[in-house]
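Some notes on the structure that comes next.
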Amino acid sequence: MNYTGPKIVTSLPGPKAQGVIERDLAMLSPSLTRTAPLVGVRAEGVYVEDIDGNVFLDFGSGIGVTGVGHRHPKVIEAVKKQLDALVFVNSLDYYTLPQVELAEMLFKVTPGDFPKRVFYSNSGSESIDTAIKMAKWHSRRAYGVGFINGFHGRTMGATSFTTTNLAARRGFSPLYPIAQFTPYPYCYRCLFNRTYPGCDMECMNYLTDVVFKKIIAPDETAFILFEPVQGAGGYIVPPKEFFTILSDLAKKHGILMIADEVQTGYGRTGKMFACEHFGFEPDIITMSKAFANGFPAAATVARREVMDWDDNAHEGTLNGGPVIMEAAKAVLRVIDEEKILENVRIQGEYLRAQLDELQKRYSIIGDIRGMGLMIGIELVKDEKKTPAGKQRDELIQAAFSRGLLLMAAGASSLRLIPPMIINREQIDTGLAIMEDCLKELH
Ligand SMILES: Cc1ncc(COP(=O)(O)O)c(C=O)c1O
């Protein structure tokens, strides 16, 4: 495989893909939201090949999972080596070296120069449920606060704090009753019709003056769960004051801060974790997606004194298997050795500047926001900012037919989250396709 660019050789979906899709639709869960009719069979770097030989430039990396690029050779090599030695020993009953080595590496790169502990699991949702249970266990307090438009996953604990749309919640009630919600600073569509700066962070005043004065007592609140940049909700970056207010609440009321860095973590924003941009040190931090570059893995890292639960309070049979741990160790080595954070900053700035130019030419682009290589483009129909959800979906399909994988977020946003190894030429290729599609939409 030596891909040099996107290449479409059949109608889409091609004949083989069409066959697989028909069989899939008859048997797999109808709850899966498919963005495009891609049946992947091979991938490398920033490219994915489908079953009919079409090659796509990947601006989504499976929602940020293949962070250091599809099948990074060093990750694959580490996995192969481990496969030849030991695939599984139940690490709930016994011990393995890779778990310990990864913990040592993780503590160096997670925010906060304090003693920590880690709990490994298999998905972002599990890392969230771990965090919720741990915060409850440690504090013995009743409530947790989440943010409107937040996405934390699909297990019952994570679903209870997910408010991106009703489809994620309808039919499952009553959800975990500890959850209370408050607005996230979504400045482009401020719920209070204010403009930042100069708005006094009215959205956060709602938390302090309404939620904590009329609904739940702060000293009965175990945790606040937040995304440092809202992901599925639309790539929404809060102002720095958001973090100052959270820090104050933590200090004043002893509320534990859980940063969900499942999507923002692992270099995506130009720092290992997005909280670092704001000098914020969460008590508990969750990570998954890019953690093992495609192998199912997650971790919840907490201050040592917070992860103080009893023997048998929380475990999982498959957690922290040695193959996955070796993949995760290799990812951290690659990020360091290949200066991935620097590339994210350089390419992120370049991509952002090019998008700003594109916005001048296409009025459908209402807002561009993000950090590093995590950039959201919100599409609007008019000056009243009417969400252009249908046009966004059409644009994704038009890009797909030209060999570019794009993903949606929120009601009418695109999320650009390419592998962090992407170079300028590949960005230009993707942008040229996007512009073609925008012209067609116009
Ligand atoms: C911020 C955030 N938290 C949690 C999750 C859930 O992760 P998973 O799908 O691996 O369970 C996601 C997934 O998109 C996410 O973006």
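Gain in length, Ser401 to Lys251, computed as 0.36 nm per residue apart minus the alpha-carbon separation, to one decimal in nm?
48.8 nm
Could you work out Rg/(2.2 N^0.38 Å) for the range 341-405, with Rg from alpha carbons only?
Relative to the rule-of-thumb radius for its length, the range 341-405 sits at 1.21.
Run through the DSSP bridge list for the chain and note the antiparallel percent, rounded to the nearest 5.
Percentage antiparallel, nearest 5: 65.
Limiting things to C-alpha atoms, what are the Rg and the maximum Cα-Cα separation (Dmax) for the range 75-337, in angstroms?
Answer for the range 75-337, Rg first and Dmax second: 18.5, 60 Å.
Could you tally the net charge around Gly153, taking each other residue with its Cβ under 10 Å from the Cβ of Gly153, Lys/Arg +1 and Asp/Glu -1?
-2
Apply the Karplus curve 6.51 cos²θ - 1.76 cosθ + 1.60, θ = phi - 60°, to the phi angles in the range 267-273 and return the couplings in whole Hz, x for Gly and Pro.
Calculated HN-Hα couplings, in order: x, 3, 9, x, 10, 4, 10 Hz.
Between Leu97 and Arg333, how high is the FRET efficiency from 1/(1 + (r/R0)^6) when r is the Cβ-Cβ distance and R₀ = 22 Å? Nearest 0.05.
My answer for the efficiency is 0.90.
Sorted from largest down, give the three principal axis spans of the alpha carbons of the range 1-53, whole angstrom values.
Principal axes ranked by extent give 35, 21, 15 Å for the Cα atoms.
For the ranges 184-192, 76-84, 280-288, what's the packing order if you count other beta-carbon atoms within 10 Å of each residue, average per peptide, and put the highest first?
The most tightly packed comes first, giving 280-288, 184-192, 76-84.
Just add up the charged neighbours of Leu102: K/R +1, D/E -1, any other residue whose Cβ is under 12 Å from the Cβ of Leu102.
Once all neighbours under 12 Å are counted, the net charge is 0.
So between Lys385 and Arg170, what do we pick up on full extension, going 0.36 nm a residue minus the alpha carbon distance?
Once the chain is fully extended between Lys385 and Arg170, it gains 74.7 nm.
Quick one: grab the alpha carbon gyration tensor of the chain, order the square roots of its eigenvalues as a ≥ b ≥ c, and give me rounded if a/c is under 1.5, else prolate or oblate depending on whether a/b is larger than b/c.
It is oblate, given that a/c is not under 1.5 and a/b is not larger than b/c.
Comparing Gly316, Gly430, Gly124, which has the greatest mean-square fluctuation in the GNM of the chain with Cα pairs linked when under 10 Å apart?
The residue with the greatest mean-square fluctuation here is Gly316.
When you count, for each residue, the other Cβ atoms within 10 Å and take the mean per peptide, how do 239-251, 128-140 rank with the highest first?
Result, highest mean Cβ count within 10 Å first: 128-140, 239-251.
For the chain, what relative contact order do you get, as a whole percent, if you take Cα pairs closer than 8 Å and at least 6 residues apart?
23 percent
What three numbers, in Å, describe the spread of the alpha carbons of the range 262-391 along their principal axes, ordered from the longest?
Answer, in whole Å and largest first: 58, 33, 29 Å.
If R0 is 41 Å, what FRET efficiency do you get for Val41 and Arg361 from their C-beta distance, rounded to 0.05?
Taking R0 as 41 Å, the efficiency between Val41 and Arg361 is 0.65.
Add +1 for every Lys or Arg and -1 for every Asp or Glu among the other residues with Cβ under 12 Å from the Cβ of Glu261, and state the total.
Summing Lys/Arg as +1 and Asp/Glu as -1 gives 0.
The numbers here are math on the coordinates, done by the rules we state, and not lab data. Everything quoted here is computed from the prediction, not taken from an experiment. So basically every Cβ, Gly included, is an ideal-geometry build from the backbone, and we count neighbours across all protein chains shown.
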